[in-house]
Each structure stands twice: as structure tokens, then as C-alpha cells.
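Below is one structure; the comments refer to it alone.
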Amino acid sequence: QTYLAGITATHRDNDLPDPTTATAVRTRMRGIARTIGTARTRKAALTISPLDTLMRVYTGRTRTHTVRDRALLALGFAGALRRSELTGLDVPPLQPDGGATGAIGLVAQGLHLVLTRSKTDQAGAGHELVVPLRGDDDVCPVAAVRRWLDVRGRQPGPLFHPVTAGGRPGAARLRAESVARIVKAAAGQLGYDPEAFAGHSLRSGFVTTTLKADARPVDVQRQTRQKRLETLHEYDRPHSEELFARSALGSLSVW
């Protein structure tokens, strides 16, 4: 399907008929689907309980990359951010390096994020997000970001940087691919299989956690910025034991 999408885009860009709509192609694709199936392997969600455990483990550790990773994980979860959105955040003003996706600001109530570009906003219409303060500083994303800024400095530039061997934040912007590595390392710290997790585990963790807590889907969707409710529910990935607790049958008094 990925190859077909590329073929379609190439033909449309050149004002040519799309060959992927031919009956022979569609028939062959249905045959492939029946043979190998269409189920996708989804990465596990990093939900709030294990994330809080990790945040407490990391509390008190002063190594630069640990302080950075702690802030990145907490903000990625609380902001329901994609990898590129997370690493594209700047301390204002936005940097002209082509990688900026938005800016972060500290306000009395928490964090205020202005995303200027994202996967679902290629035209740059912009979107505002907030991350409220939590009562416990050990697990509060706002406190984690403040601590990272104390280490990084408050000067303008990318919020997250690579860390040098000497423990100093580099000048470059952290690559989006590094988010997956950091999430996998965190999962390993918690005793999980790192390969079951990826950069999107923070975003799906936000959706899974908030929907489990009976947050209104419209409020969850406002944070994730997904255009369709169906897409939102694809990110809801409860563990198998939670499926019993969330079964619709459990709401029946006769069950």
C-alpha cells in the first residue's frame, strides 16, 4: 500500500492517470490482503503509571542527558506530541533552521505551547496546547521542563539538544529519531521489552490514559489534534488485562 501511494502521488503530480485504480490492481491487492492479512503491529503505549515510576526513579539524578530525557518524556506524554513536534520545539523566538515546529512558554498555570507546523497542519495554521501543573513536582512535566531549562539555559534555540560526551548540551537540534531511542531506553529501565515501544508510545500513552480516566473524547482530540475520532481511537491501546475492566459488558447490572 505504501508503494501504491507513491505511484499514485507521482502520477498525480505529473497530471497522469492513476494506474492503481485499475481493476487488476485492486483485485490483486484484495488477494494479497486475504493471504497475509491486514493487521498492523502496533507499538505499546507508555501510560501514566509506568511513566510516573520512571520520573521518580530519575528524580535526583543530575547527569545532563537524564535531566533532558526526563523532561522530553514527560512533555511528550503530556503534550501528546509527535516525535518531530517534540524535537522541533524552540525556546522563543523560532529558529530559522527549518526544523522548528513551535515554541514553548512558561506561564503561571503551566506550559503554553504554540505549534506552528505539524503532520496535520502542513499549511502552518498553528495550534495552541497547554500542559497544566501537577501537584507533585517529582512527576510534573512543567517542573521537569523547568529543571532542564536550568541545565540548558534560557537562551533562544531548540528546546532539546544532543548531549556531548562531556555532559554539555550541544548546539544542534535533537533529531526526531532520538525520541524512539529515549523511549526504548526508558521502557528497558522499567523492565519492559524495549522493542515493544517507539516514539509514538508517548502519544498513544496520553490517549490510552485519558480515555481510561473518562476524559471527554473531544478534549483528548483537542490535545492530539487529530481530525477524525476514528483515528483517535486507534491510539487507545490498553493492556490486555485492562480490556476486561473496560469491557462494555461490565456496565450491565446483570453481568
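Shape verdict for the chain, please, from the Cα gyration tensor: rounded (a/c under 1.5), prolate (a/b greater than b/c) or oblate.
Note, shape of the chain comes out oblate.
When the helix-only estimate is applied to the chain (DSSP H runs of n ≥ 4, each -39,500 (n - 2.57), divided by the residue count), what is the mean residue ellipticity at 222 nm, nearest 500 deg cm²/dmol?
Result for the chain: -13500 deg cm²/dmol, rounded to the nearest 500.
Once you have the alpha carbon radius of gyration of region 21-80, what is it after dividing by 2.2 N^0.38 Å, with N set to its residue count?
So the Cα radius of gyration is 2.06 times the expected 2.2 N^0.38 Å.
Considering the zone a paramagnetic label at Lys212 would reach in this model (a point 7 Å from Cα along the Cα-to-Cβ line), which residues of region 176-202 have amide N under 14 Å from it?
From region 176-202, the list is 202.
Once you order the gyration tensor axes a ≥ b ≥ c over the Cα atoms, which shape class does region 1-105 get: rounded for a/c under 1.5, otherwise prolate or oblate by comparing a/b with b/c?
oblate
GNM on the chain, C-alpha springs below 10 Å: top fluctuator among Gly31, Gly105, Gly188?
For the chain, modelled as a Gaussian network with Cα springs under 10 Å, the answer is Gly31.
Report, in whole Å, the centroid distance computed from the Cα atoms of region 1-74 and region 212-235.
18
Report ³J(HN,Hα) in whole Hz for each residue of region 156-163, in order, from the Karplus equation J = 6.51 cos²θ - 1.76 cosθ + 1.60 where θ = phi - 60°; Gly and Pro get x.
x, x, x, 5, 10, 10, x, 10
Given Ala144, Thr208, His233, which one lies farthest toward the positive end of the charge dipole of region 113-234, if we put +1 on the Cβ of every Lys and Arg and -1 on the Cβ of every Asp and Glu?
Towards the positive end, the residue furthest out is Ala144.
Coordinate-derived values only; no laboratory data. Predicted model only: the values in this text are computed from it and were never measured. Note that each Cβ is placed from the backbone with ideal geometry, even for glycine, and that neighbours are counted across all protein chains shown.
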